[in-house]
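Working notes, beginning with the structure itself.
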Amino acid sequence: MKRTIVSFMLLFAAMSAADSTYNIDQKAFLKINGCRNKVFDIVSPGISNLPAIPGFLYLYSAGYGLYRDDKEALDFATIGVVSASATVLANQTIKLFVKRERPIFALPEAQGSYSHGITVKIFPSEQYSFPSQSASLAMSTAVVYGTAYPKYDWIFYSLAIVNGWSRIYRGAHYPGDVLAGEMLGALTTFGTLYAMRKLDDRYDIRKHNLQVPLFTVRRSF
């Protein structure tokens, strides 16, 4: 499953790289963004905000671990927070250099409900489109939970992809922004997980039981 997702992202990222010559990214955006539907209008904002949920779960896990003196819950929270932080740092750094205007503001034909929110006040670079931080965080979460629950990894990766669609539908990102964000989120998170388990074996969620408060990661080899 992971190989399929990575291959999918690499294929379309390569297509997006040809944007300067064939305007593939812009054309793909207009195709996806132009498929309007009342049901999509209702569900897309919620799907677009899905990456915020894991952040609360990580913080809840940390609070639960401190309150219950549960080291496994703290370990999971640490893994999640460090992975998400690394993803945000990488994303924001690239945005500062690329400074690509969001399609909803750049293209007269663009449609959608996206508008700058409070995130822009915290991260001014969030006014820019490339890469998609929402897609990065969605994929980062998919990697963390997919590694912990390999049997259900297709669900987490599917949710990340649907989140990317919602960002395009709302006019926040071009397809190239989303694909680059997903690749960035995957790479930084896989790298973070590798570094953390090398630092301390207790952070290897492939081998150990980790508490997520609401449910438990159980692995046996």
Completion exercise
Excluding residues fewer than 8 positions from LYS71 in its own chain, the aspartates and glutamates with Cα under 18 Å of it are ASP200, ASP201, ASP204
Problem - Dipole moment magnitude, nearest 20 debye, segment 58-160 about Cα centre, only Lys, Arg, Asp, Glu C-beta charged - result: 280
Problem - segment 176-188 - phi-based ³J(HN,Hα) in whole Hz, Karplus 6.51/-1.76/1.60, Gly and Pro as x - result: x, 5, 5, 5, 5, x, 5, 5, 5, x, 5, 5, 5
Completion exercise
Residue by residue through segment 131-144, the couplings from Karplus 6.51 cos²θ - 1.76 cosθ + 1.60 with θ = phi - 60°, in Hz, x for Gly and Pro, are x, 6, 5, 4, 5, 4, 5, 5, 6, 4, 5, 4, 5, 4
Fill in the blank from the handout: What the Cα atoms of segment 10-159 span along the principal axes, largest first and in whole Å, is 55, 32, 30
Fill in the blank from the handout: Taking N as the number of residues in segment 73-213, the ratio of its alpha carbon radius of gyration to 2.2 N^0.38 Å works out to 1.11
Completion exercise
In this structure, among LYS99/LYS198; LYS38/LYS151; LYS31/LYS95; LYS121/LYS198; LYS31/LYS99, pairs with alpha-carbon gaps over 32 Å are LYS99/LYS198; LYS38/LYS151; LYS121/LYS198
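Each reported figure results from applying straightforward, stated rules to the coordinates on display, with no laboratory input. The structure presented is a predicted model; accordingly, all values stated were derived computationally and were not measured. Don't worry about glycine lacking a Cβ; one is built from the backbone with ideal geometry, like all the others, and counts go over all protein chains shown.
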